[in-house]
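Take a look at the structure below.
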Amino acid sequence: MSNMTRYDPFSMESVPDLFQGLFRPLRGVIGGDDAQQATGIRVDVTENDTAYTVTAELPDVDKKDIDVKIDGSVVSIAAKVERHTELKEGERVVRRERYSGAVSRSFRLDADLDDAAASAQYRDGVLTLTLPKKAAASSKRVEIG
């Protein structure tokens, strides 16, 4: 036997289900989605008394396509990801999940950085930045005469 239910057009029970998929196409833009995680730059940041060390994953990126900028305490990493493969005659793409395009990441650190002394290394798809902290400006007491 099946249960019969009465349809109520003014019921609010199905409203959450209605909106469940409404914003799904925007998840990668808003953040928090697996697609954004896959196309974003993942970083680890460690700190000691004199410097920060930033380790960023940039697999399959050419070194010349990476751009790092430092502005005060803001670090910006941008890269151009190229993943084009030639199709052989008679082949066709059935599914393509690997991202091609531009990726970027910016974040603020607690201390101003000495951009002149910063260094970067890129090896095996991992970018390592060494970002020395600026020396704290000493305060001077002004005598009132």
What FRET efficiency comes out for Asp67 versus Lys140 if R0 is 41 angstrom and r is the Cβ-Cβ distance? Round to the nearest 0.05. 0.60
Formal net charge of residues neighbouring Tyr122 (Cβ-Cβ distance under 13 Å; K, R +1; D, E -1): -3
I need the peptides 85-98, 117-130 ranked by packing, meaning the mean over residues of other C-beta atoms within 10 angstrom, with the highest value on top. 117-130, 85-98
Hz values of 3J(HN,Hα) by residue in region 85-98 - Karplus curve (6.51, -1.76, 1.60), Gly and Pro given as x: 10, 6, 8, 7, 4, x, 8, 9, 7, 9, 8, 10, 10, 6
Using 5 Å bins from zero, what percent of all Cα-Cα pairs in region 40-115 falls into each bin? 3, 12, 22, 18, 14, 10, 7, 5, 4, 3, 2, 0
Would you please give the FRET efficiency between Ala120 and Glu91, computed as 1/(1 + (r/R0)^6) with r the Cβ-Cβ distance and R0 = 35 Å, to the nearest 0.05? 0.35
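Any read-out appearing in this document is the output of simple, stated calculations on the displayed coordinates, not a laboratory observation. For clarity, every value in this text was computed on a predicted model and none was experimentally measured. Reconstructed Cβ throughout: ideal geometry from the backbone, glycine too, with neighbour counts over all protein chains shown.
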